[in-house]
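First the structure, in the form of structure tokens, and then the observations on it.
Read-outs throughout are calculated quantities, based only on the coordinates presented, and are distinct from any laboratory measurement. Predicted, not measured: the structure shown is a model, and the values here were computed from it. As a convention, Cβ positions derive from the backbone with ideal geometry for all residues, glycine included, and neighbour counts pool all protein chains shown.
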Amino acid sequence: MTAILAIHAHPDDIETLGAGTLALLAGAGHQVRIATVTGGDLGSAATPPDETSRIRQAEAARAAALIGAQYRCGGVPDLGVFNDDPTRRIVTELIRWAGAEVVITASPADYHPDHEAVSQLVRDACFAASVPNYRTGEAPPLAAIPHLYFMDPIGGRDRQGAWTVPDFGADVAAAFETKRAMLACHVSQDSWVARQHDIPDHLASMEAWTRRRGRDFGADLAEGFRQYRHHPYPRTPLLQELLGERLLAPLAQAPRAAS
């Protein structure tokens, strides 16, 4: 059994970008934990921030429970995530709490500042998590730096609109209904995504993206990932090995722009 942590900025980010893979891994008997750095407290025009955060964390916990995963929130304010020492300690504690051997997080370049800040924080916190004298909370330091992977950015593009090419993918067709059910737990986001992002149906949008990414791998439905391999982070393909027959290699002539 491998300990896996998926950590992103807001409730529903992970469900949109990586829940199919997490469902596959949980179904194979691995320990999956899910964390968000914020509670998404600004993700509503109908409720005040404290209530919005409470609602969204409850939705995230219900989604995680569908695959037998525990959920935890770092409690950092929405649109208030920065790569500083106090926040790094919060994120390091989440990684230690999960006892993570594999960490899957946000893309380094994405449309949202919280997404980009979380990606940097998690990268640095993976290094810090095995430093015994870097004090965080009750969780003990890790024995080693975990394997680090990035999910796709939302829509597969960075802030400048450049297309992001994944190293590999996961065939999530067998877990897609679970992925859909996990995202459907985030009921509070129906009206918010329609208002803020002009997406009238975020479940349909998620499916369209998962099918779009699948075409890069010659599959019906896929999620894409990149591995961070710089020194001294692990370079062995642990997540790829855990995916087994669900692992997908990009097509030789995979498109470099959305179609």
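Tabulated values for the structure
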quantity	calculated
Residue match in the range 32-40 (condition: in contact with a Pro (Cβ under 9 Å, 6 or more places away or on another chain) and either closer than 24 Å to A144 by Cα or among the hydroxyl-bearing types (S, T, Y) (or both))	yes
Residue tally, condition within 15 Å of V81 (Cα to Cα) and polar (S, T, N, Q), over the range 36-52	2
Which numbered condition V165 misses (of (1) farther than 27 Å from A61 by Cβ; (2) surrounded by 15 or more Cβ atoms within 10 Å (Cβ to Cβ))	(2)
Subset of the range 99-149 (residues that are of a type in the set (G, A, S), touching a helix residue (DSSP H, G or I) at 6+ places or on another chain (Cβ under 7 Å), farther than 21 Å from Y71 by Cα and surrounded by fewer than 17 Cβ atoms within 10 Å (Cβ to Cβ))	A109
Selection from the range 84-132 of residues that are in a helix (DSSP H, G or I), in contact with a Pro (Cβ under 6 Å, 6 or more places away or on another chain) and either more than 21 Å from L42 (Cβ to Cβ) or not hydroxyl-bearing (S, T, Y) (or both)	C126
Number of the exception - I34 against (1) assigned to a helix (DSSP H, G or I); (2) β-branched (V, I, T); (3) over 19 Å from H197 (Cα atoms); (4) in contact with a strand residue (DSSP E or B) (Cβ under 8 Å, 6 or more places away or on another chain)	(1)
Boolean, A46 is assigned to a loop (DSSP other than H, G, I, E, B), touching a strand residue (DSSP E or B) at 6+ places or on another chain (Cβ under 8 Å) and either without any contact (Cβ under 8 Å) to a residue 40 or more places away in the chain or more than 15 Å from A9 (Cβ to Cβ) (or both)	no
A23 more than 28 Å from A204 (Cβ to Cβ) and touching a residue at least 60 places away in the same chain (Cβ under 8 Å)	no
Unique match (being free of Cβ contacts under 8 Å to residues at least 40 places away in the same chain and assigned to a helix (DSSP H, G or I)) among A58, A63	A58
Complete set of residues in the range 33-77 that are of a type in the set (D, E, K, R) and surrounded by 20 or more Cβ atoms within 10 Å (Cβ to Cβ)	R33, D41, R56, E59
